[in-house]
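The values are calculated or read from the model by the stated rules, or taken from the named source; none is laboratory data. Bear in mind that the values here come from a model prediction, so they are computed numbers and not experimental data. As a convention, Cβ positions derive from the backbone with ideal geometry for all residues, glycine included, and neighbour counts pool all protein chains shown. Note: areas computed on protein heavy atoms with side chains; ligands, DNA, RNA excluded. Shrake-Rupley method; radii C 1.70, N 1.55, O 1.52, S 1.80 Å.
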Amino acid sequence: MSNKIVDSILDSVYKGDELSVEQGTILLEQTEPKVIQAIREAADKLRQQQVGETVTYVINRNINFTNICEQHCSFCAFRRDEGKEGAYWLDEAQILTKVQGALRKNATEICIQGGLNPQAKLQGKTLPYYLHLVATIKQKFPQLHLHAFSPQEVQFIARSDNQSYSEVIAALHEAGVDSMPGTAAEILDDDIRNIICPEKINTNTWLEIISTAHKLGLNTTSTMLCGHVETPKQQMMHMEKLRSLQKTSLERNYPGKITEFILLPFVGQEAPRALRNRVGRDQPVLADTLLLTAVSRIFLGNWIINHQPSWVKLGLEGATEALTWGCNDIGGTLMEEHITTMAGAIGGTCMEVETLQTAITSLGRPYQQRDTLYERIQERPKVRANKDKQETLITNY
């Protein structure tokens, strides 16, 4: 591919034109180091223009409340059948203990996701169990932002109880769910989904549930599981669907929107053998992930301005490098993470705030704590006898 073609694409981007799927595919297919460097510089410049120099992070805790799951995704090393070795299902006391531990570390967010456990019911219904799970946390800790339940979980509840997606989302929102993780997206291409997760919701259902959440006032995130059997063109088509969905939510003034985009590179070390053998490696290729990170910023940045790498999947060093390829957020502390770690990821399960801050400052950029919806959080000591007590100020980002 001629450098002139890439230069022309990047020039049009600098002028404010939107990248097309075809242009994005061309950028992803580049192999010359100088050309890739030009793409990186373009993404970094756009990041600076769109969100500035500050790198944000959130203090949060993941709670994967069960790994018992009725589905068999080919990339998943997390799921277990009920009664099998390693299967678990947290009870109310265990969940509250984890939440209390998160609060002791100044968490502002609890993220809850789990397997699709057919036994997770109250009075024979699935939705009441999930509502009880929400109430368990919210009634005791109303100050925490509850980021919970993917589109796949919403579909599971709706199908189990013969309810509409809007009924399920509205009930969860009223019970205390504050935003929805945009996981289970994997690749929004049904040909790929039929290979890696044939039992999961299809592309249109994922998009419908996210759009419904936006209509009902729930913000969501967005993700892409990348680096397995998908092509660069399919990666770009995935992003095009996200961009189109976000445009609709913003142009129609829905009360919810996509707040961030997160690349989740495939980790195959402990994944089921068939897909691991097909992919041919156990850990993500950092160079491929970084190029995709840059193109994601160029393609999505005017509409989804916050971009985050996964330190769990890339390791902290790789995630820090991604901050120079278009990312402006380094993610959360997590405190525990099972889904990716059980797949053999090298990044760990918990990150201390000071470690994230040190990684950011190593780039010569300022850091800033945020909440789930990207509002800045500033901690200032109150003047009082107990100096350990602090007040938290939240200001618009």
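Measuring with a 1.4 angstrom probe and ignoring ligands and nucleic acids, R80 comes out at about 70 Å² accessible. The packing ranking of peptides 225-231, 95-101, highest mean first, is 225-231, 95-101, where packing means the average number of other beta carbon atoms within 10 angstrom of each residue. Does a label point 7 Å from the Cα of K247, set along Cα-to-beta-carbon, have any residues of the stretch 21-58 with amide nitrogen under 15 Å, and which are they? Taking a point 7 Å out along Cα→Cβ of K247, the residues of the stretch 21-58 whose backbone N falls under 15 Å are 21-24. Using the Cβ of I330 as centre and a radius below 14 Å, the other residues enclosed give a net charge of -3, where K and R count +1 and D and E count -1. Calculated [222 nm] ellipticity per residue, helices only, for the chain: -13500 deg cm²/dmol; basis is -39500 (n - 2.57) per DSSP H run with n ≥ 4, divided by all residues, nearest 500. One Cα centroid belongs to the stretch 186-208, the other to the stretch 307-328; the line between them spans 26 Å.
Summarise the accessible area of the chain (1.4 Å probe, protein heavy atoms) by the percent that is carbon and sulfur. It is 47 percent, rounded to a whole number.
Computed over protein heavy atoms with a 1.4 Å probe, the accessible surface of the stretch 176-268 works out to 32 Å² per residue. Converting phi to 3J(HN,Hα) with the Karplus coefficients 6.51, -1.76 and 1.60 and the offset θ = phi - 60°, the stretch 140-145 yields 8, 9, x, 6, 7, 7 Hz in sequence order, with x at every glycine or proline.
Determine the order of E174, E167 by accessible area, beginning with the largest, at a probe radius of 1.4 Å. Please report the intermediate quantities before stating the final value.
On the way: E174 160, E167 95 Å².
In descending accessible area the options line up as E174, E167.
Per-residue Karplus couplings for the stretch 177-191, computed as 6.51 cos²θ - 1.76 cosθ + 1.60 with θ equal to phi - 60°, are listed in order as 5, 9, 7, 10, x, x, 7, 6, 6, 6, 10, 7, 8, 5, 5 Hz, Gly and Pro entered as x.
Determine the per residue accessible area of the stretch 1-157 with all protein chains present and a 1.4 angstrom probe, expressed in square angstrom.
On a per-residue basis, 45 Å².
What shape does the stretch 21-93 take by its C-alpha gyration tensor, where a ≥ b ≥ c are the square roots of the eigenvalues and a/c under 1.5 counts as rounded, a/b above b/c as prolate, and the rest as oblate? Oblate, because a/c is 1.5 or more while a/b does not exceed b/c.
Shape verdict for the stretch 53-106, please, from the Cα gyration tensor: rounded (a/c under 1.5), prolate (a/b greater than b/c) or oblate. Here the stretch 53-106 falls in the oblate category.
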